[in-house]
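Asker: After the structure tokens below, expect a handful of questions from me.
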Amino acid sequence: MTADVVVIGAGPNGLAAAVHLARTGAAVTVLEAAPEIGGGTRTAELTLPGFHHDRCSAVHPMAILSPYLRSLPLADHGLRWIQPPVSAAHPLDDRPAVLLHRALDATTAQFAGDATAYRRLVAPFLADPHGLLADALAPLGLPRHPLLMLRFGLRGLRSATGLARRFTSPEARALFAGCAAHSIMPFERALSAAIGVMFLLTGHVEEWPVAAGGSHAIARALASLFTAAGGKIQTGVRVRALSDLPAARAYVFDTSPSQLAAIAAPALPARYLRRLGRYRYGPGVFKLDWALDGPIPWRDPRCLDASTVHLGGTFEELAVAEAAVWRGEHPERPFVLLCQQSQFDPSRAPAGRHTGYAYCHVPPGSTFDYTAHLERQVERFAPGFRDRILARHVTTPADFERDNANYVGGAVTGGVADLFQLFTRPVARLDPYTTPHPRLFLCSASTPPGGGIHGMCGYHAARSVLRRLDRLPATPLR
């Protein structure tokens with residue numbers, strides 16, 4: 001036996017699981033198919049030399065607030081957060097942009113007539129935001145803060161459209177819409193409100209940060225902590241079948257459900273495999289990275305103070321765009337999520353130059369070239385933007401899946417997080433990290449609490465493994 005536990009996949013969740021297991025004394029080996037670790041937290045020169053672009057995740061509100069990651073000494077292993085003056089900006093055509101400030105008063109001052117309604121929505125959770133996050137980012141069970149979770153649930157179970165009716169000002173409705181669109185669901189769907197409220201809340205706890213040097217710093221810090229605890233990482237090792245795995249007591253898959261099914265089919269019952277086959281991954285994303293000869297020329301220059309800019313106009317415009325994607329259509333004016341890492345981290349680009357990062361939601365597996373549509377949305381709020389482009393790099397849904405097999409159809413969040421699949425991902429089980437085989441576990445974003453760079457899927461899966469590890473045999477799986 002080479003390890004107590006083998007983790008398949010070195011994305012943030014796989015690394016988080018490996019860290020927790022290794023720090024409790026287990027012998028752990030991580031196998032990664034790619035030449036480098038990181039999964040969704042990798043950085044590369046995609047456009048021109050000296051311009052460092054995040055391949056997938058870029059801004060990390062859930063990482064800096066993660067109940068598990070914030071408990072780890074990641075700063076001692078090279079991770080440094082850089083926080084902007086404000087978390088998010090939402091430009092509008094006929095009025096100033098709306099900014100998500102950390103200070104509640106500074107945010108509500110932008111809402112004519114909606115200050116009280118916004119405060120009533122968000123303020124109750126600011127008394128104990130970390131308690132709420134600990135419960136919200138956990139599998140379904142008895143919460144430690146039941147009244148807080150009940151209050152959040154009463155708001156979050158609603159649709160974004162329903163919750164937005166409490167606001168009358170275009171500013172408040174737009175700010176909420178940009179946050180709700182992170183759900184990648186139509187605004188009429190239940191639970192789309194929960195994502196909107198959660199992202200608003202995070203902006204009032206910590207400004208949404210970028211990782212100094214690139215998102216790969218997150219994975220590198222986790223890997224450094226893991227190896228310091230005695231763990232081993234092997235890259236360039238693709239697991240295609242159970243026979244590719246070394247002997248161990250337990251195997252933890254940081255993979256999509258479809259990959260788990262393909263690799264472990266001989267060890268799993270047919271009924272469970274059929275249920276994995278029905279897992280819904282949802283829309284994909286189309287992404288552009290730019291090398292720019294200067295900062296983005298926003299019509300409202302205060303947008304340069306935000307790490308994230310939500311583009312698409314009013315609540316109603318974003319609602320139309322997100323609903324169209326779910327119908328398999330390509331909206332003329334998509335919702336665009338744009339990140340400005342180099343605005344706060346000068347190491348991302350040569351002196352005087354900048355990187356740009358933006359994506360929009362598209363139907364799964366889309367082959368439509370959204371370059372012109374996406375850049376038109378940026379130009380709409382930043383006239384002259386196209387003139388700043390030195391080079392661009394396109395990532396299609398097929399490119400995402402080719403680069404990372406977890407992104408089925410270009411879905412980067414691990415699967416639909418609607419009412420039917422948020423807590424029962426990938427299938428309904430009392431312990432969602434287990435499988436019918438006692439030695440096979442799943443820890444990817446296709447388990448609760450779902451997508452995002454927070455490591456909580458890996459952490460909870462590791463705890464599930466530890467509850468059983470001593471009872472498991474140390475033999476190869478065939």
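Asker: Report the one residue of Phe344, Ala323, Phe385 whose Cα lies farthest in the direction of the positive end of the charge dipole of the range 231-390 (charges on C-beta: Lys and Arg +1, Asp and Glu -1; origin at the Cα centre).
Answerer: Checked the options; the winner is Ala323.
Asker: Amide H of Ser307 versus every other amide H placed in the peptide plane: which residues, excluding those fewer than 5 positions away on the same chain, fall under 5 Å?
Answerer: Val86
Asker: What are the semi-axes of the equivalent ellipsoid of the range 385-437, taken as the square roots of 5 times the eigenvalues of the Cα gyration tensor, listed largest first and rounded to whole Å? Could the numbers behind the result be given before it?
Answerer: Values: eigenvalues 254, 36, 11 Å².
Computed over the range 385-437, the values are 36, 13, 7 Å.
Asker: Skip the ligands, DNA and RNA, and give the accessible area per residue of the range 289-330 with a 1.4 Å probe, whole Å². Display every interim value, and only then the final one.
Answerer: Values: 1400 Å² over 42 residues.
On a per-residue basis, 33 Å².
Asker: Would you mind computing Rg(Cα) / (2.2 N^0.38 Å) for the range 185-254, counting N as its residues?
Answerer: Details: Rg = 19.2 Å, N = 70, 2.2 N^0.38 = 11.1 Å.
So the range 185-254 has a normalised radius of gyration of 1.73.
Asker: Can you give me the Rg/Rh ratio for the range 1-133, using Cα atoms for both radii and the Kirkwood formula for Rh? Kindly include the intermediate steps, with their values, before the conclusion.
Answerer: On the way: Rg = 20.2 Å, Rh = 18.7 Å.
Result for the range 1-133 is an Rg/Rh of 1.08.
Asker: Let me ask something additional. State in Å² the accessible area per residue of the range 345-478; use a 1.4 Å probe, count heavy atoms of protein chains only, and round to the nearest integer.
Answerer: Values: 5300 Å² over 134 residues.
About 40 Å² of surface per residue is accessible.
Asker: Modelling each spin label as a point 7 Å along the Cα-to-Cβ direction, I'd like the Thr116/Ala103 distance in nm, to one decimal.
Answerer: Spacing of the two 7 Å Cα→Cβ label points: 2.3 nm.
Asker: Using all alpha carbons of the range 349-459, what is the percent of pairwise distances in each 5 Å bin, ordered from the shortest bin to the longest?
Answerer: 2, 10, 15, 16, 14, 13, 11, 8, 5, 3, 2, 0
Asker: Still on this structure, please answer the following. So how long is each side of the range 186-227 along the principal axes, counting just the alpha-carbon atoms, biggest first, in Å?
Answerer: Ordered largest first, the range 186-227 gives principal extents of 44, 20, 15 Å.
Asker: Restricting to DSSP loop positions (anything but H, G, I, E, B) with no more than 14 other Cβ atoms inside 10 Å of their own Cβ, which GluC sites (Glu not before Pro) remain in the range 264-344? Kindly include the intermediate steps, with their values, before the conclusion.
Answerer: Numbers: sites: Glu316, Glu317, Glu322, Glu329, Glu332; in loops: Glu329, Glu332.
Those that pass, being in a loop and sparsely packed, are Glu329, Glu332.
Asker: Quote the FRET efficiency, to the nearest 0.05, computed for Thr227 versus Leu48 with a Förster distance R0 of 30 Å and r equal to the Cβ-Cβ distance. Numbers along the way, then the final one.
Answerer: Working: r = 33 Å, r/R0 = 1.09.
The formula returns an efficiency of 0.35 here.
Asker: Quick check of the Kirkwood formula: for the range 307-375, what is the inverse mean of 1/r over all pairs of different Cα atoms, in Å?
Answerer: Numbers: mean 1/r = 0.0750 Å⁻¹.
One over the average 1/r among Cα pairs gives 13.3 Å for the range 307-375.
Asker: So what's the back-of-envelope 222 nm ellipticity for the chain, counting only DSSP H runs of four-plus at -39500 (n - 2.57) apiece and dividing by all residues, rounded to 500?
Answerer: Values: 16 runs with 147 residues, N = 478.
After summing the helix terms and dividing by residue count, I get -8500 deg cm²/dmol.
Asker: Could you give the dipole magnitude of the range 311-391 about its Cα centre, charging the beta-carbon of Lys and Arg +1 and that of Asp and Glu -1, in debye to the nearest 20?
Answerer: Working: 8 positive and 10 negative charges, 60 e Å.
Computed about the Cα centre, the dipole is about 280 debye.
Asker: Let me ask something additional. Given H placed 1.01 Å from N in the peptide plane, which residues other than close sequence neighbours of Val30 have an amide H under 5 Å from its amide H?
Answerer: Correct list: Val7, Lys232, Ile233, Gln234.
Asker: Something else now. Where in the chain is the longest stretch that carries no chymotrypsin sites (Phe, Trp or Tyr not before Pro) classed as loop by DSSP and with at most 15 other Cβ atoms within 10 Å?
Answerer: Numbers: sites that count: Phe368, Phe420.
In the chain, the maximal stretch lacking such sites is 1-367.
Asker: If you wrap a convex hull around the Cα atoms of the range 112-260, how much volume per residue is inside, in Å³? The partial results should precede the final answer.
Answerer: Working: hull volume 27.6 nm³, N = 149.
Spelled out: Cα convex hull of the range 112-260, divided by residues, is 186 Å³.
Asker: For the range 429-478, how big is Rg over Rh, using alpha carbon atoms and the Kirkwood form of Rh? Walk me through the numbers on the way to the answer.
Answerer: On the way: Rg = 11.6 Å, Rh = 11.6 Å.
Across the range 429-478, the Cα-based Rg/Rh ratio is 1.00.
Asker: Here's another thing I want to ask about it. Work out, in µm²/s and without decimals, the Stokes-Einstein translational diffusion coefficient of the range 233-317 at 20 °C, 1.002 mPa s, Rh from Kirkwood over C-alpha pairs.
Answerer: Numbers: Rh = 18.2 Å.
Once the numbers are plugged in, D ends up at 118 µm²/s.
Asker: Out of every Cα-Cα pair in the range 285-439, what percent are more than 24 Å apart?
Answerer: Working: 5094 of 11935 pairs.
Tail fraction, whole percent: 43.
Asker: From the backbone phi of the range 56-69, what are the Karplus-calculated ³J(HN,Hα) couplings (6.51 cos²θ - 1.76 cosθ + 1.60, θ = phi - 60°) in whole Hz, Gly and Pro given as x?
Answerer: Using θ = phi - 60°, the values come out as 9, 5, 10, 10, 10, x, 7, 6, 5, 9, 4, x, 7, 4 Hz.
Asker: What are the extents of the Cα atoms of the range 243-377 along their three principal axes, in Å, largest first?
Answerer: Result, largest extent first: 58, 38, 23 Å.
Asker: Determine the dipole magnitude for the range 78-128: charges of +1 sit on the beta-carbon of Lys and Arg, -1 on that of Asp and Glu, nothing else is charged, the reference point is the Cα centre, and the result goes in debye to the nearest 20.
Answerer: On the way: 5 positive and 5 negative charges, 39 e Å.
Charge dipole of the range 78-128: 180 debye, to the nearest 20.
Asker: Further question on the same structure: In Å, what is the Rg of the alpha-carbon atoms in the range 76-174, and how long is Dmax?
Answerer: 16.1, 47
Asker: Could you tell me what percent of the accessible area of the range 1-152 is made up of carbon and sulfur, with a 1.4 Å probe and every protein chain present?
Answerer: Working: 3270 of 5960 Å².
On the range 1-152, the fraction of accessible area on carbon and sulfur atoms equals 55 percent.
Asker: Please report, in debye to the nearest 20, how large the charge dipole of the chain is about its Cα centre when each Lys and Arg carries +1 at its beta carbon and each Asp and Glu carries -1 there.
Answerer: Numbers: 48 positive and 38 negative charges, 326 e Å.
That gives the chain a dipole magnitude of about 1560 debye.
The values are calculated or read from the model by the stated rules, or taken from the named source; none is laboratory data. The structure displayed is predicted, hence computed values, not measured ones. Here the Cβ is made from the backbone with ideal geometry for all residues, glycine too, and neighbour counts use every protein chain on show. Heavy atoms of the whole protein, side chains included, go into the accessibility calculation; ligands, DNA and RNA do not. Shrake-Rupley method; radii C 1.70, N 1.55, O 1.52, S 1.80 Å.
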